[in-house]
Every structure is written in C-alpha cells, then in structure tokens.
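Working notes, beginning with the structure itself.
The values are calculated or read from the model by the stated rules, or taken from the named source; none is laboratory data. If you're wondering where the values come from, they're calculated on a predicted model, not measured in any experiment. When we count neighbours, we look across all protein chains shown, and the Cβ atoms used for this are built from the backbone with ideal geometry, even at glycine. These accessible areas exclude ligands, DNA and RNA; they are computed on the full protein's heavy atoms, side chains included. Shrake-Rupley method; radii C 1.70, N 1.55, O 1.52, S 1.80 Å.
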Amino acid sequence: MLINISGGGGLVEYKTLGEVVSKNTFKQIGASELESMVITGGNVRLLPSSKNDNWWTNENISKDYLCEGEVITLGRARYANIKYHNGKFVSSNNCTITPKNKSQVLAKYLYYFIANHAEKFYVSTSTYPKLDSAIFDNFKIPIPPLPIQEEIVKILDTFTELEGELEAELKLRQKQYKYYLNK
C-alpha cells in the first residue's frame, strides 16, 4: 500500500515488520552471567532484557559472547524494554533485530517505531508477558523515503536528548528539595 505524503515529495509504503527486519542469531547469555560482567568504564555495552540501560563491560570480560553491529533488542519476556545500540555488545534474553535492507529503512527509525508500539507485541501469559513473534511480524510499519526517515530520527533524537536533560534536572531539584526540607 502506498500513501502520498503531502509536501514531503514522496510516497509512504506500508510493510509488515516481518518484511523489513531480520531476527538475528547473535549469541545470548543468561541474565546472571551478563550482570556479572558489569564494570565501570567499559567499551562493550551489555544489553539485558531488563530495564537496566547503562551497563558496560570490556572485550576481555565478554570474550566469546562479544557481538558487533547496529541492533535493536526486544526483551523476550516480562518487559517491553526496547534498546538501540550501534557497536560492540553482549545480549541476554533478547530478540535481536536489524533492518533487512538499510537502503530501505534506517535502524534508528525502526527503533523509534518499535519502541512506540512495544506494548502491542507482547501477550499475557499465566506467568508474565511474552513477545509474540506472529503479532510482531505482521505489524504494519510506514516506510517513508530515507530523507524523511532521517528527519524523523533527527527530531526524535533531539527530543530524547532534551528529555534526558529534563530528567536529570528534575532529579537534582528533588535532591535539593529533600536537603532543604531536612534543614
């Protein structure tokens, strides 16, 4: 299906995620093993399926589990913690995806789209929510021309950066408030 973008000078094609992403077979390790690799100041990102987002290690520690690439990870169970990374990484309990054709869709565009719709890809079970591959694979995604994808990514990167700055400012203000409240 094609839809004209008014003022954008192009057509938007709708495809399923299954048509535009590859589910990769990057090595995965257990959550406790991944957590045991955490160090301060490493150059290899650790990508758990949990909400922990700022874990790092180094190449000596990651050894046989070291992977590299531009990837999006989706936790297989419990959480819809979507992460984007471009570089060296170790992954635990994730479905790891990349674009099938980078000349058609940008990985970062995919990341923002998937993150925005993450909850829709999980189904409830008797224990915890699980990623449903059939729902994910059949979910429709608009594929605008690359220049429009680049602009969308640029806007969302800026927004994400500003959001991070505001969250840091809020935490600082909360600490100040508690300090003066206790005086």
When Ile114 is run through (1) touching a residue at least 40 places away in the same chain (Cβ under 8 Å); (2) aliphatic (A, V, I, L, M); (3) open to solvent by 90 Å² or more (accessible area, probe 1.4 Å), the failure sits at (3)
Quick count over segment 18-42, residues being under 16 Å from Tyr111 (Cα atoms) and open to solvent by less than 50 Å² (accessible area, probe 1.4 Å), is 4
So, in segment 1-42, of the ones that are among the aliphatic types (A, V, I, L, M), part of a helix (DSSP H, G or I) and farther than 21 Å from Phe113 by Cβ, which residue ends up modelled with the highest pLDDT? Leu34
Consider Thr127 against the criteria (1) within 20 Å of Gln28 (Cβ to Cβ); (2) open to solvent by 60 Å² or more (accessible area, probe 1.4 Å); (3) part of a helix (DSSP H, G or I): it satisfies all of them except one. Which criterion is unmet? (3)
Looking at (1) closer than 15 Å to Leu17 by Cβ; (2) open to solvent by 30 Å² or more (accessible area, probe 1.4 Å); (3) out of contact with any Pro (no Cβ under 8 Å at 6 or more places or on another chain); (4) of a type outside the set (Lys, Arg), can you tell me which one Leu156 breaks? (1)
Could you look through segment 145-183, keep only residues that are basic (Lys, Arg) and part of a helix (DSSP H, G or I), and pick out the one that is nearest to Glu13 (Cα to Cα)? Lys154
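Yes/no matrix, rows are residues, columns are (1) acidic (Asp, Glu); (2) in contact with a Lys or Arg (Cβ under 9 Å, 6 or more places away or on another chain); (3) surrounded by 18 or more Cβ atoms within 10 Å (Cβ to Cβ); (4) touching a residue at least 12 places away in the same chain (Cβ under 8 Å):
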{"residue": "Ala77", "(1), (2), (3), (4)": "no, yes, no, yes"}
{"residue": "His85", "(1), (2), (3), (4)": "no, yes, yes, yes"}
{"residue": "Val90", "(1), (2), (3), (4)": "no, yes, yes, yes"}
{"residue": "Cys95", "(1), (2), (3), (4)": "no, yes, yes, yes"}
{"residue": "Val105", "(1), (2), (3), (4)": "no, yes, yes, yes"}
{"residue": "Glu119", "(1), (2), (3), (4)": "yes, no, no, yes"}
{"residue": "Ile135", "(1), (2), (3), (4)": "no, yes, no, yes"}
Spot the failing condition for Pro145; the list is (1) open to solvent by less than 90 Å² (accessible area, probe 1.4 Å); (2) within 29 Å of Tyr65 (Cα to Cα), and only one is missed. (2)
So Ile143 clears everything in (1) closer than 24 Å to Ala31 by Cβ; (2) at pLDDT 90 or above; (3) of a type outside the set (Phe, Trp, Tyr) except one condition, right? Which one? (1)
Note on segment 43-67: residues basic (Lys, Arg) and either open to solvent by 60 Å² or more (accessible area, probe 1.4 Å) or in a helix (DSSP H, G or I) (or both) are Lys51, Lys63
Top-ranked residue of segment 104-131 - restricted to ones that are touching an Asp or Glu at 6+ places or on another chain (Cβ under 7 Å) and of a type in the set (Phe, Trp, Tyr), ranked as nearest to Val12 (Cα to Cα): Phe121
